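Undergrad: I am attaching a structure below and will ask some questions about it afterwards.
The values are calculated or read from the model by the stated rules, or taken from the named source; none is laboratory data. Quantities reported herein were computed from a predicted structural model and do not represent experimental measurements. Here the Cβ is made from the backbone with ideal geometry for all residues, glycine too, and neighbour counts use every protein chain on show.
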Amino acid sequence: MTVVSSQVRIRGTKDGLTITLGEGPWDDLLAELEDHLGRKPDFFRGGRVAVYVGERHLAPEALDALGQLLHRYGVTLWAIWTSSEATQRHAAALGLETGLGPPVQPSGDMLPSTLGAEPATIVFGPVRSGQRVEEAGSLVVIGDVHPGAEVICGGFLIVWGRLQGVVHAGVPDRTEVFIAALVFAPTQVRIGPIVAQGDTSALPDAPEIARVEEGHIVVEPWRRWYRHRVKNGLYRE
Amino acid sequence: MTGQVVTVTSGKGGVGKTTTTANLGIALARLGRRTVVVDADIGLRNLDVIMGLENRVVYDLVDVVEGACGLRQALVKDKRVEGLYLLPAAQTRDKTAVNPAQMNALCRQLREAFDFILIDSPAGIEQGFRNAVVPADTVIVVTTPEVAAVRDADRVIGLVEAEGKNDVWLLINRVDLQMVHRGEMLSVEDVLDILALRLIGVIPEDDAILVSSNRGTPVTLDGASRAAKAFQDVARRLLGEEVPITLPDTSSGVWQWFSKLLGRG
């Protein structure tokens, strides 16, 4: 679960919640944080949270105000991550753990939490016409998949190259998986039980991703899909 | 002496396998290598016709394999070029008359007597193709810059690699400078981009090829045409020489200069 707003970012990690407070007046940030807490009180209650404040210098009163706010919503503040020595000192005086961080982790490390259960196989291309690559789990092809080639796997399929053959991911019936390619121009795409004809009239000039939406295969620029995901906090799905 | 077996193949028919085999054979012999060109297209032989040796064929490859004659009896010597021989295909049989093991045994014999054994593969991907590819040390895949030919070449490259061959090269035949410039033909770069294979040569489209094939005097025999020069370059590359490949579709440089000179640019 991730909530992104202008300056307050709340992220679930294996150590509980991490709240990142960005730029701007401290009181404004606290007000914004309170807004988040108030919107989903049940979600936060009983949780423990580490707050990342960057290099911000915080007086003991400011830290105390943060602690009080969290306390009102039943959240325990246990750590302050900061690069400011003064802030670290003040936080330590309040009995909090301190340190440099972890800073906000790149979302990339979240992806394996889904893929991690099914190790991916890496195959080096080109996969040529008449050749067929089959894998029970997820598959990464490094190189082109030529027209007339077939690539089939039970999980996710990622082609680091030009994809022009026939591809089938999620065999036999998984529809939550996707197919991504640097150049996505397959002759035919199948995800689970769903089939779509490819458009081979022109090569796209940006990486694309194909997935199932309401029973149809949808292809969109990878960047747009990714931005949408980030905005909606869908890293872990 | 252990000769090198070079198989010329393509997948699609009509892209110039036989022309390539004949011209490379002549070029290699001219460079002082004892060379035999072997027609593995049993039942549809035409290497002898293109070489102009049809009327001297007595025995053929199937006769040798079946023991009906000795290898020396079946070899036709090309009197125009020192050290060049033809082993013709049988016309009255088909591809199943020979199997890959017999081709291997035949090539073992030929390796003793020749520096280069050039095998002209039949089109297709059936037994005749396997017969031609199994004994090969080096495989040259010929294609023209056409989508269908390139697609078949891709298929064949996969099959050749599946036979465990890793000395595989691409020869792009019949590249038409003008058509590439007009955007009507795949360029050499396009073909290489699609096939991802090492290039051993580019043969420009040349009317001299058709005329010479009909006459039974391959272009490399007189050596004056652009195509002849390109085949000679391929032969030298086979010998390991570093010969730069002049791409007929580069928009600047020698080729453009040539084409302007000829009033074709």
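Undergrad: Residue check, B:GLY128 against (1) modelled with pLDDT under 95; (2) surrounded by fewer than 23 Cβ atoms within 10 Å (Cβ to Cβ), all met but one. Which one?
TA: Condition (2) is where B:GLY128 drops out.
Undergrad: Ok, one more. Tell me, please, whether a residue that is within 14 Å of chain A (Cβ to nearest Cβ), more than 15 Å from the chain's Cα centre (by Cα) and not hydrophobic (A, V, I, L, M, F, W, C) can be found in region B:188-195.
TA: Scanning region B:188-195 turns up at least one residue that is within 14 Å of chain A (Cβ to nearest Cβ), more than 15 Å from the chain's Cα centre (by Cα) and not hydrophobic (A, V, I, L, M, F, W, C).
Undergrad: I'd like the full set of residues that are crowded, with 24+ Cβ neighbours inside 10 Å, facing another protein chain (nearest Cβ under 9 Å) and not acidic (Asp, Glu), limited to region A:130-161.
TA: Passing the criteria: A:HIS146, A:ALA149.
Undergrad: Residue by residue through region A:157-174, note down the ones that are closer than 22 Å to A:ASP205 by Cα and part of a loop (DSSP other than H, G, I, E, B).
TA: Passing the criteria: A:GLN164, A:GLY165.
Undergrad: Does region B:155-174 include one or more residues that are over 27 Å from B:ARG33 (Cα atoms) and crowded, with 24+ Cβ neighbours inside 10 Å?
TA: Taking every residue of region B:155-174 in turn, at least one turns out to be over 27 Å from B:ARG33 (Cα atoms) and crowded, with 24+ Cβ neighbours inside 10 Å.
Undergrad: Among what's in region B:120-176 and is in contact with a Pro (Cβ under 9 Å, 6 or more places away or on another chain) and assigned to a strand (DSSP E or B), pick the residue that is nearest to the other protein chains (Cβ to nearest Cβ).
TA: B:ILE172
Undergrad: Take the residues in region B:196-210 that are within 14 Å of another protein chain (Cβ to nearest Cβ) and surrounded by fewer than 19 Cβ atoms within 10 Å (Cβ to Cβ); name whichever of them is nearest to A:GLY143 (Cα to Cα).
TA: B:ALA196
Undergrad: Since A:ALA117 meets every condition but one in (1) at pLDDT 85 or above; (2) surrounded by fewer than 22 Cβ atoms within 10 Å (Cβ to Cβ); (3) not in a strand (DSSP E or B), which condition does it not meet?
TA: Checking A:ALA117 against (1) at pLDDT 85 or above; (2) surrounded by fewer than 22 Cβ atoms within 10 Å (Cβ to Cβ); (3) not in a strand (DSSP E or B), the one that fails is (1).
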